[in-house]
Amino acid sequence: MPPIISANGDLITLEAGDYTATVATVGAGLLGLSFQGQDLVLPFPADEVPPAYSGKTLMPWPNRVSGGAYTFRGQRYELPVNEAASGSALHGLALWSEWRTEQRSQAEVTLTQLLHGEPGYPFQLALTASFRLDAQSGLQVELSAANCGTAAAPYGAGSHPYITVGGDDISECELTFQAGKVLLTDERLRPSRLMDAPGTEFDFSHARRIGEQSLDHAFTALPVGEWDVTLRNPARRLSAVVQSTGVTSPWLQLYSGELRGRKGLAVEPMSCPPDAFNSGQDLVVLEPGESHSLGYRIHALVG
């Protein structure tokens, strides 16, 4: 009888102060994060394939490549389409395979994967995902890639945690973040127009209840340096906060989590917008030997 294996590979528990996190080796996934026993990242059963891309690391592109095809430096490439409804290649190539555990301690783990390439992405990257818990600042995540091949590679990165406050319905929570622009999409979720966000239904510059509003949009023109997204549950007097750490996340995707019963809000730091492989907007081009990093953290705020 073959050995029983988990859908998420090895599970690694990190602890520091009042924080506990669970990291999976498949897809360098974040299965959960809690503070004083209350969930800040919406968990799911460890023996199940992560629903709605929960906690996945998104490399070498986040979000969608429309039509599953793109042209880079005069060459056309075709990727496997894994979202039939939109006809897109969604969330990269590294999220369903096993990553290697390189370093591990009580509060920190570093996972790596060598991406050897495939016909639709014939580029070689060394990928790293590190997760570090701190009793004061919460969970720090850093995603990096180095081009270890001989040709320039198009590249983007992102992460897909669903933040929550105790697992309650986000409709009852207040949302706050600053963004100057929102990217609208067509019926197949292809980018159509970049619109000013202030003064519209997408303006959360002042805390307001999410209510029944549905979100599945990318935002940019974020605060210079660091930006943050705060989801506050007034009944619990507790907030979950996602905060960028540097200037490598000029984009942010928010999804109101209908596929997870609106118990969590997907807050996805991204280095580029949807379909950047086609538009070229904020696309990172890694020359041989070059590297790129994206960082963010998740922490609790009491009160």
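The values are calculated or read from the model by the stated rules, or taken from the named source; none is laboratory data. These numbers were taken from a predicted model, which means no experiment stands behind them. So basically every Cβ, Gly included, is an ideal-geometry build from the backbone, and we count neighbours across all protein chains shown. Note: areas computed on protein heavy atoms with side chains; ligands, DNA, RNA excluded. Shrake-Rupley method; radii C 1.70, N 1.55, O 1.52, S 1.80 Å.
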Practice item. Can you pull a Stokes-Einstein diffusion coefficient for region 203-303 at 4 °C (1.567 mPa s), Rh from Kirkwood over Cα pairs, as a whole number of µm²/s? Key: 85 µm²/s
Exercise for review: May I ask for the longest run of the chain untouched by trypsin sites (Lys or Arg not before Pro) that are loop-located per DSSP and have at most 14 neighbouring C-beta atoms (other than their own) within 10 Å?
Suggested key: 74-187
Check your understanding: How many Å² of accessible area per residue for region 164-232, probe 1.4 Å?
Key -> 48 Å²
Check your understanding: Got a sec to turn the phi values of region 116-127 into Karplus ³J(HN,Hα) couplings, 6.51 cos²θ - 1.76 cosθ + 1.60 with θ = phi - 60°, whole Hz, x for Gly and Pro?
Key -> 8, x, 8, x, x, 8, x, 10, 10, 10, 9, 9
Point to revise | Span from the region 199-245 Cα centroid across to the region 1-69 one, whole angstrom | key: 22 Å
Review point. Which is the longest stretch in the chain that no exposed loop site breaks, taking sites as GluC sites (Glu not before Pro) with a DSSP loop state and at most 13 other Cβ atoms within 10 Å?
Key: 49-186
Check your understanding: For the chain, which whole percent of the accessible surface, found with a 1.4 angstrom probe, sits on carbon and sulfur atoms?
Key -> 50 percent
Point to revise | At most 15 other Cβ within 10 Å, DSSP loop - chymotrypsin sites (Phe, Trp or Tyr not before Pro), region 73-166 | key: Trp96
**Study point:** Helical contribution to [θ] at 222 nm, DSSP H n ≥ 4, -39,500 (n - 2.57), averaged over the chain, rounded to 500
**Key:** 0 deg cm²/dmol
Exercise for review: In whole Hz, with x marking every Gly and Pro, tabulate ³J(HN,Hα) for region 292-303 from phi via Karplus 6.51 cos²θ - 1.76 cosθ + 1.60, θ = phi - 60°.
Suggested key: 8, 9, 10, x, 7, 9, 10, 8, 9, 9, 8, x
Review point. Roughly how compact is region 102-150, stated as its Cα Rg over 2.2 N^0.38 Å to two decimals?
Key: 1.45
Review point. Can you list the residues, at least 5 places off or on another chain, whose amide H is less than 5 Å from the amide H of Ala153, using H built in the peptide plane?
Key: Leu286, Glu287
Review point. Where does region 11-302 land on the Kirkwood hydrodynamic radius, alpha-carbon pairs, in angstrom?
Key: 19.0 Å
